[in-house]
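One structure is given here, and the rest of the page talks about it.
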Amino acid sequence: MNIVEKIKDLKRKRNAVILVHNYQLPEVHEVADYVGDSLGLSIKAAETEADVIVFCGVYFMAETAKIISPEKIVLIPEKTAGCPMADMVTVEALKKKKKEHPNAKVVCYVNTTAEVKALCDISCTSGNAERIAKEALKDVEEVIFVPDKCLGSYVAEKAGREFMLWPGFCPSHVKILPEHVEAQKKKYPNAEVLVHPECTPQVRDVADGVFSTDGMCKYSKKTKVKELIIGTEIGMLYRLQKENPDKKFYPASEFAVCPNMK
């Protein structure tokens, strides 16, 4: 047996489902039952009859899967795979902030630990954060958004309001610079630029569209454009290319690599 056959055999014996985040390595994508974003994968796993969830991602993702499927066994292949952005907000610091602003609602990005989520009023994804801001928070005067200041600023801008932004960020996404995007646009003048809202405002300003990873997949399938520059962690390009063999995808920056996810 090679390693792929061993994985498939063990999966059958344990009645397991393998979830693989978009940013994983190509060879990990190939053994997945489902590839996607963190919350989408957790919801998908909850809908299956699997007894065991193997989550190929970082730690908070496995926690999310366990929250949604408490009756299932959730395994993470590398337990030390953490998220620097999630670590930028601590329980102690958030408690202090809430005490300073007792009337504020706390919105947390799904990229947070379970302990931090427990202190928040609403949890959101990059895909639904704008809708939550416009609907669930429309009558709320003060909003604390944790931990990503880039996503928070994007959502606040779209909702036409101000948030108290936590000073957190994704180290991989902030490595993408406007000059990287401009260089790729010169190299591929017919390409559209899609970037993730975890990118800085300066990068978002030079993009044609801002999308979650799921949004990038949907847009790439329906657009007639044949070349796209993708501003997110470079692992995303493998999935996009696989799902759209008639199109070409280029990274906005080769530096956008998440060592924790890899």
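The values are calculated or read from the model by the stated rules, or taken from the named source; none is laboratory data. Just so you know, these numbers come straight off a predicted model, no measurement behind them. Ideal geometry is used to build each Cβ from the backbone, glycine not excepted, and the neighbour counts take in all protein chains shown. SASA here: full protein model, heavy atoms, side chains in, ligands and nucleic acids out. Shrake-Rupley method; radii C 1.70, N 1.55, O 1.52, S 1.80 Å.
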**Report entry** Residue ID - nearest to Ala256 (Cα to Cα), chosen from residues in region 36-59 that are among the hydrophobic types (A, V, I, L, M, F, W, C) and either surrounded by fewer than 23 Cβ atoms within 10 Å (Cβ to Cβ) or more than 16 Å from the chain's Cα centre (by Cα) (or both)
**Finding:** Leu39
Query raised in the report: Does Glu92 meet the test of being of a type outside the set (A, V, I, L, M, F, W, C), exposed (fewer than 13 other Cβ atoms within 10 Å of the Cβ) and either touching a residue at least 40 places away in the same chain (Cβ under 8 Å) or farther than 26 Å from Lys262 by Cβ (or both)?
Result: yes
Query raised in the report: Within region 105-113, can one find any residue that is at pLDDT below 95, open to solvent by 30 Å² or more (accessible area, probe 1.4 Å) and either outside any loop (DSSP other than H, G, I, E, B) or acidic (Asp, Glu) (or both)?
Result: no
**Report entry** Enumeration of residues in region 60-81 that are assigned to a loop (DSSP other than H, G, I, E, B) and either open to solvent by less than 40 Å² (accessible area, probe 1.4 Å) or within 25 Å of Asn128 (Cα to Cα) (or both)
**Finding:** Ser69, Pro70, Lys72, Ile76, Ala81
Report task. Could you name every one of the helices (runs of 4 or more DSSP H) located completely within region 152-262 that has at least 2 residues being closer than 23 Å to Phe60 by Cα and at pLDDT 95 or above? Result -> 213-222, 236-243
Report summary line: When every residue in region 156-195 that is within 15 Å of the chain's Cα centre (by Cα) and under 22 Å from Val106 (Cα atoms) is compared, the one most open to solvent (accessible area, probe 1.4 Å) is Phe169
